[in-house]
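Quick one: the structure is below, questions incoming.
The values are calculated or read from the model by the stated rules, or taken from the named source; none is laboratory data. Owing to the predicted nature of the structure, the values given are computational and were not obtained by experimental measurement. Every residue, glycine as well, gets a Cβ built from its backbone with ideal geometry; the counts of neighbours run over all protein chains shown.
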Ligand SMILES: [Zn+2]
């Protein structure tokens, strides 16, 4: 039976605001029978106005599209001013380049350091993997958001960048044989938040709303100063990502294989998080 739900939305700014974790994408209340007239979809606002917005509630597996700033006291518009290390995408099989965006500062306004600044989810999704403080990522959270939950033009853009998965990859370094993920017709965005201050408190499978606090900016893992490393990849949906680590002989073959699968195999392909940010900023309908 198909339900239509009426959701009374509090309006969110693109500026970072902590949100709550939900255990379900469907609201427990505000459920109404379908009305005769179709409700508008994905009508949300970032303005400071407080209109009551109505929208067609998605099914339990989808979320209304929304993009949130990953850092407290910043906005999507101010992030470029604290970008200290840009994305540099290496060739398949290579682990060089820089696999994400680094945001940091030593002093900003009245803030002495970025240490302890809250880190938020940029998209709603499901916890795919959490990592303890290991090399190189440190305390880390990876969230999966199905590509189908993004606006059509953004889906098209990201799919156009996804290259055929390469065969016979020549790996940089000593990678054990990887176990390829199960391929489906569907792709997902995986967004990774690294070097967090503390061990993640989430579990695989937890549903996360855009803007939920994931932790605070730290210096864990292979990091020389406090910063947020934000990494976005497109890869097969529902991937069962395992514990990953590299560069230390103490790590297991499975950890190294998962690391190589994630970063070098070509199944999970890097793209610039700004493709998501700019799609949201350019969409004036919210
Ligand atoms: Zn980085």
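For segment 86-121, which positions are more than 13 Å from the ligand (Cβ to nearest atom) and within 14 Å of the chain's Cα centre (by Cα)?
119, 120, 121
Given the options 173, 211, 266, name the one that is under 17 Å from the mean Cα position of the chain (by Cα) and away from the ligand (no atom under 16 Å from the Cβ).
Selected residue: 211, the only one of 173, 211, 266 that is under 17 Å from the mean Cα position of the chain (by Cα) and away from the ligand (no atom under 16 Å from the Cβ).
Can you tell me which of 255, 203 is on the phi < 0 side of the Ramachandran plot, more than 16 Å from the ligand (Cβ to nearest atom), over 15 Å from the mean Cα position of the chain (by Cα) and not in a loop (DSSP other than H, G, I, E, B)?
On the way: 203 fails: not in a loop (DSSP other than H, G, I, E, B).
The match here is 255.
Okay, moving on. Condition first: within 16 Å of the ligand (Cβ to nearest atom), assigned to a loop (DSSP other than H, G, I, E, B) and touching a strand residue (DSSP E or B) at 6+ places or on another chain (Cβ under 9 Å). Can you find one or more residues in segment 272-285 that meet it? Outline the logic, then answer.
Let us first name the residues in segment 272-285 that are within 16 Å of the ligand (Cβ to nearest atom), namely 272-274.
Right, trim to assigned to a loop (DSSP other than H, G, I, E, B) and you get 272-273.
Among the residues that remain, those that are also touching a strand residue (DSSP E or B) at 6+ places or on another chain (Cβ under 9 Å) are: 272-273.
Checked against the condition, which is being within 16 Å of the ligand (Cβ to nearest atom), assigned to a loop (DSSP other than H, G, I, E, B) and touching a strand residue (DSSP E or B) at 6+ places or on another chain (Cβ under 9 Å), segment 272-285 yields at least one hit.
What pairs come out if I take residues in segment 78-106 that are touching a residue at least 12 places away in the same chain (Cβ under 8 Å) and farther than 12 Å from residue 270 by Cβ and pair them with residues that are away from the ligand (no atom under 13 Å from the Cβ) and part of a strand (DSSP E or B) whose C-beta lies under 9 Å away, six or more apart or interchain?
Pairs that qualify, where the first residue is touching a residue at least 12 places away in the same chain (Cβ under 8 Å) and farther than 12 Å from residue 270 by Cβ and the partner is away from the ligand (no atom under 13 Å from the Cβ) and part of a strand (DSSP E or B), are 79/71; 82/71; 82/108; 103/71; 105/111.
Any idea how many residues of segment 173-190 are within 20 Å of residue 255 (Cβ to Cβ) and outside any loop (DSSP other than H, G, I, E, B)?
Residues flagged as within 20 Å of residue 255 (Cβ to Cβ) and outside any loop (DSSP other than H, G, I, E, B) within segment 173-190 amount to 1.
Oh, and also: Right, residue 239: out of contact with any strand residue (DSSP E or B) (no Cβ under 9 Å at 6 or more places or on another chain) and either away from the ligand (no atom under 16 Å from the Cβ) or not in a strand (DSSP E or B) (or both) or not?
On the way: out of contact with any strand residue (DSSP E or B) (no Cβ under 9 Å at 6 or more places or on another chain): no; either away from the ligand (no atom under 16 Å from the Cβ) or not in a strand (DSSP E or B) (or both): yes.
Here the answer is no, as residue 239 does not meet what is asked.
Does segment 225-232 contain at least one residue that is assigned to a strand (DSSP E or B), free of Cβ contacts under 8 Å to residues at least 60 places away in the same chain and buried (at least 19 other Cβ atoms within 10 Å of the Cβ)? Please lay out each step first, then the result.
Going residue by residue through segment 225-232, those that are assigned to a strand (DSSP E or B) are 228-232.
Checking which are free of Cβ contacts under 8 Å to residues at least 60 places away in the same chain leaves us with none.
No, because not a single residue in segment 225-232 is assigned to a strand (DSSP E or B), free of Cβ contacts under 8 Å to residues at least 60 places away in the same chain and buried (at least 19 other Cβ atoms within 10 Å of the Cβ).
Only one residue in 146, 180 is in contact (Cβ under 8 Å) with a residue 24 or more places away in the chain, surrounded by fewer than 22 Cβ atoms within 10 Å (Cβ to Cβ) and touching a helix residue (DSSP H, G or I) at 6+ places or on another chain (Cβ under 9 Å), so which one is that?
180
Look through segment 151-165, keep the residues that are surrounded by fewer than 19 Cβ atoms within 10 Å (Cβ to Cβ) and closer than 27 Å to residue 131 by Cα, and return whichever of them is nearest to the ligand (Cβ to nearest atom).
162
Of the conditions (1) away from the ligand (no atom under 16 Å from the Cβ); (2) farther than 13 Å from residue 99 by Cβ; (3) modelled with pLDDT of 95 or more, residue 185 satisfies every one except a single condition; which number is it?
Just one mismatch for residue 185, condition (3).
Identify the single condition in (1) away from the ligand (no atom under 16 Å from the Cβ); (2) modelled with pLDDT under 95 that residue 124 does not satisfy, given that it satisfies every other one.
Failed condition: (2).
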